[in-house]
Every structure is written in structure tokens, then in C-alpha cells.
């Protein structure tokens, strides 16, 4: 019988964990947290009142992505098909929570597990170098759980922001690389883009990047770009309390706008709709969108993401931020699926419902980066 785990199962779960893994083990405390407060599902296989194995799923808040974090079967019950049963049960559990894509990492030397998942329809989509405590590499696999929704995904290379305030430059870099493979992604470029497009102030720390400065940075590098923004108050001005800082943000934005006017960059003062996002993707362009992170991280800060694809129900995007403190990896942050109607609600920031987006087109030849 496969059922949901309870707190009474913790001792058995720890025993299986310690018997099956030599490193990267989950502790009793980990299991307790996951069962009580974690955004997770743990299923156990119980045979004759004995816990024979378990499987652990993690869910990414606000999206339709499930991550198979761990699976273990006691030695006495291996070669019985139990691991396959656990995986299939986990897929049903993911679907019950509106998960349409399952992802996982496996040690690249664990050939039996890789064969199992590939036999169930999982496909390799990348590697994670030195992922485990012993520096072993991980193979990243995924499976689409809803087969009647063929996703139209653009190949967008992933780049993780290296500073808490550089989500905008990281998103731009991913879009630029997708449109021009010769672009070299580096921290130097990330910081250069930030310097060119920062608002100077935002919340209590370094300034974020607004759409006008980002558009100018793209234009400088020969990428045609269109800006979508809400006309009126300067973006991010409500994120600071000081009148002096508010005035600086307004002056910076006006300076960007003056330069945009001189360079004839088109600005649309209306919301970028899902239909327009899909049309842009289908035309070969890459949308970069400002969202409120609250629906994903339960923290109210503006955050730039790059849209990578769509299907009949979902929008997919790369998130340059990896919440490593909560055990997230790049596997959780690439091609993240979210319902189209949820994405529309997410693509706004602040009390006044500020919106900002860029549509980036292939660059003109002969431009520098």
C-alpha cells in the first residue's frame, strides 16, 4: 500500500534514509519540517506493516512544477518494482496539486535509477556539476505529466543572478544569449548591464533595474526592443520612504526617457497581454517581464524573469534567482510553468499595480556587447 506519510513514520523514514545513502542524508529534523511546514508531499510504501520505501516531492510555490527530491527503497524490497510504483504514485500526487512537469536530479553514476526513470518517460535535459557532497555530478531529468499540452519552448540558456539586485541584468543576458549565441555570459556583463540600467535606489538596498534603462542597454548592443509600461508615477518610487530618494528615482527615470526618445525606442503605455507575449515568442522575440515575487516567494519585491515558452494553458519562464537556502537548484528555476491567468496576475508590482515588460528582437549585426 502506498499512502501519505505521517509524523509517526519519521523513525522509519530516517532508518531507510541512513541505510540507503552515505551522504546528502535527510535528518529527522528535515523530515519533521517537510511533514509539518514544507511545501512538500511524502509518500510511503507500507508492506505488512513495514515501511519499505518512500518518495519525496517538493513543489515550487505559485507554479505548476513538481520536483522529485528523493526516493529510497529498503534493500530487502529492491528488485520488486516498488520504486516504479512509488514514482507512478508520486506523479498522481503531483497532478492532484496541478503539477504538470516533474523534475529530478540523479547521480550520474547511478545507472539503475537513470534507466528506471528513462523507462518511465523521463528525459535528460542537463547536468549539475559537483552537485553532491562528494562532488559527484547530477543528471537532470524531467517528464511532462500532461501529454495533451505540447509546450512550445524557446531554447534560452540559463544564467543565475550573482547578486540579490541583478535579476534584471541576468534576465537580459539570458534573452540576449538566446537571440545571439556569440554573446558571452559573465559576471562582468551582469554588472555592466546593472550599472547602465539601475534606478540607484530601491527598498533598503541597491537600486533595481527599470525597463527604460534596460531597454537602452539593449539598444546600445544592437537589440531592437519595445517597452511596455504603465504611464504615470515612476517605477519603484513607492519602494523608498525618503523624499530625496524618490526625487532621485524620478530624475533617473526621466533621464532614461529623454534618451529613449532620442533613440526612437517604442514605448507602449498599456499592459502586455498573454496574447501579445505568445505572439512575440512565436515571432522569434524574447519577452522579459517584471513580476511580483509574492506569489512565488511570499516576499513583496519586484523581480525580472525571462519568458521561454507557452502552451494552451501555461506560460513558461526562467527565474534567475535560485533560493538555495530552501534547497532550490537550477532544476527548479528553468522553464517554470504557471497558468496563463496566474501569470497575468503575477505580472504587476506594488499598490498601484505597476507593470513593466520588454520585447527583445534579434540584434543588428556589427553591434558591440
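A few remarks follow.
- Some residue of segment 164-183 being over 24 Å from residue 317 (Cβ atoms), surrounded by 20 or more Cβ atoms within 10 Å (Cβ to Cβ) and modelled with pLDDT of 90 or more: no
- Flag set for residue 172, criterion: in contact (Cβ under 8 Å) with a residue 60 or more places away in the chain, closer than 29 Å to residue 279 by Cα and outside any loop (DSSP other than H, G, I, E, B).
- Selection of strands (runs of 3 or more DSSP E) fully inside segment 91-151 by the criterion of at least 2 residues being modelled with pLDDT under 90 returns 123-128.
- Hey, residue 68 modelled with pLDDT of 95 or more, within 27 Å of residue 335 (Cα to Cα) and not in a helix (DSSP H, G or I) or not: yes
- Of the criteria (1) at pLDDT 95 or above; (2) part of a loop (DSSP other than H, G, I, E, B), which one residue 305 fails: (2)
- Residue list for segment 314-351, restricted to those being surrounded by fewer than 23 Cβ atoms within 10 Å (Cβ to Cβ), touching a strand residue (DSSP E or B) at 6+ places or on another chain (Cβ under 8 Å) and more than 24 Å from residue 40 (Cβ to Cβ): 340, 348, 350
- Beta carbons closer than 9 Å, at least 6 apart along the sequence or on distinct chains, pair a first residue in segment 270-283 that is touching a residue at least 40 places away in the same chain (Cβ under 8 Å) with a second that is assigned to a loop (DSSP other than H, G, I, E, B) and exposed (fewer than 13 other Cβ atoms within 10 Å of the Cβ) for 270/231.
- For segment 315-344, a residue qualifies if it is part of a helix (DSSP H, G or I) and over 15 Å from residue 103 (Cα atoms), and the qualifying residues are 324, 325, 326, 340, 341, 342, 343, 344.
- Residue match in segment 182-195 (condition: within 30 Å of residue 246 (Cβ to Cβ) and touching a strand residue (DSSP E or B) at 6+ places or on another chain (Cβ under 9 Å)): yes
- Only one entry in 59, 77 is more than 24 Å from residue 323 (Cα to Cα) and at pLDDT below 95, namely 77.
- Looking only at segment 93-118, and only at residues there that are surrounded by fewer than 13 Cβ atoms within 10 Å (Cβ to Cβ) and without any contact (Cβ under 8 Å) to a residue 24 or more places away in the chain, the one that is nearest to the chain's Cα centre (by Cα): 96
- Lone qualifier among 133, 142 - being buried (at least 21 other Cβ atoms within 10 Å of the Cβ), closer than 23 Å to residue 40 by Cβ and outside the structural domain of residue 57 (by TED's automatic domain parsing): 142
- Set 227, 156: member being assigned by TED's automatic domain parsing to the domain that holds residue 281 and crowded, with 17+ Cβ neighbours inside 10 Å: 227
The values are calculated or read from the model by the stated rules, or taken from the named source; none is laboratory data. The structure presented is a predicted model; accordingly, all values stated were derived computationally and were not measured. No Cβ is skipped: glycine too gets one built from the backbone with ideal geometry, and neighbour counts run over all protein chains shown.
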